[in-house]
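The values are calculated or read from the model by the stated rules, or taken from the named source; none is laboratory data. Note that this is a predicted model, so its numbers are computed, not measured. Cβ coordinates were reconstructed from backbone atoms using ideal geometry, including for glycine residues, and neighbour counts include every protein chain displayed.
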Amino acid sequence: MHKILILDDEVLAIEELKFLLSGYSDIEISATFTNPMTLIEYLKHHQADLIFLDIEMPKKSGLEIAEMILESYPDTRIIFVTAYDKYAIDAFNINAVDYLLKPTSQERLNQALHKALQMEKPLYQENIKRMLSTIRNKKDFISVYNNGYFVPVRFESVIYIKSEDGTVILHTLDKTYSFPGTLLALEEHIDYPYFFRTHRSFIVNINFIEKIEPTERSFILKMKHYEELIPVARSNSNSFKEIMSIY
């Protein structure tokens, strides 16, 4: 009997995964968690064969938790769960470590379970360590010069980026930063799957789109926490519709 743990900050996602796992006679769901540190504490006193880890969580990502787990419990198998994270998925594929894309299907779950539980231990440990190293080398922040200091700004906190008269302006959750440059130059240094170039002067974080107003040939965006309206260029409208599931 394989002992299974699930970590996800969304209770509904946990329930959906529990339902998909309920049909397996050789699996026991020992515990579920919404708090990563509660999981870490649980592992000090209980053994687990396999853990489902959500990647996108507040405070600590599933990748950080995976590193903590593997450092102390290297025999534990991990299946990552993600809503959408292109660079992470690329790393999983390259390093033969499996993942589930939300919402998942029974067929994908079958494949992931078979892969995680059947892979030989030395090969699995080598693959997952290499995968974590691959992702760790992808920077998720940029350091911005502000009032005599460099301030690390995490991409996940950036609502949108604007270019105006040779100046790049980062609008974040709590502050606005500006520095000389262009969006074209900035794009070479950012690798974040939720950024979308709507226009030659704008990059938006699609997680912060509040409203999408159709126009005759494209769209106008209203971002959360800011009043400025952002255009989607006609040349980018089809890509925008695809990424935002507009049919």
query = When you go through Lys121, Lys102, Lys139 one by one, which is the residue that is modelled with pLDDT under 80 and within 22 Å of the chain's Cα centre (by Cα)?
reply = Lys139
ask   = Which condition number in (1) in contact with a Ser or Thr (Cβ under 6 Å, 6 or more places away or on another chain); (2) buried (at least 17 other Cβ atoms within 10 Å of the Cβ) is the one that Lys3 fails?
value = (2)
request  = Pull up region 192-242, narrow it to residues that are of a type in the set (D, E, K, R) and part of a strand (DSSP E or B), then point me to the one that is farthest from the chain's Cα centre (by Cα).
outcome  = Glu213
request  = Could you please tell me which pairs satisfy a Cβ distance under 7 Å, a separation of 6+ or placement on different chains, a first residue in region 29-40 that is assigned to a loop (DSSP other than H, G, I, E, B), and a second residue that is buried (at least 16 other Cβ atoms within 10 Å of the Cβ) and modelled with pLDDT under 95?
outcome  = Thr34/Asp8; Thr34/Asp9
query = If you go through region 6-28, how many residues are surrounded by 16 or more Cβ atoms within 10 Å (Cβ to Cβ) and either outside any helix (DSSP H, G or I) or not assigned by TED's automatic domain parsing to the domain that holds Ile65 (or both)?
reply = 5
request  = Scan region 29-42 for residues that are of a type in the set (A, V, I, L, M), within 24 Å of the chain's Cα centre (by Cα) and either crowded, with 16+ Cβ neighbours inside 10 Å or at pLDDT 95 or above (or both) and jot them down.
outcome  = Ala31, Leu39, Ile40
request  = Would you tally the residues in region 154-185 being touching a residue at least 40 places away in the same chain (Cβ under 8 Å), surrounded by 15 or more Cβ atoms within 10 Å (Cβ to Cβ) and not charged (D, E, K, R)?
outcome  = 6
task = Would you mind stating whether Lys222 is surrounded by 13 or more Cβ atoms within 10 Å (Cβ to Cβ) and basic (Lys, Arg)?
result = yes
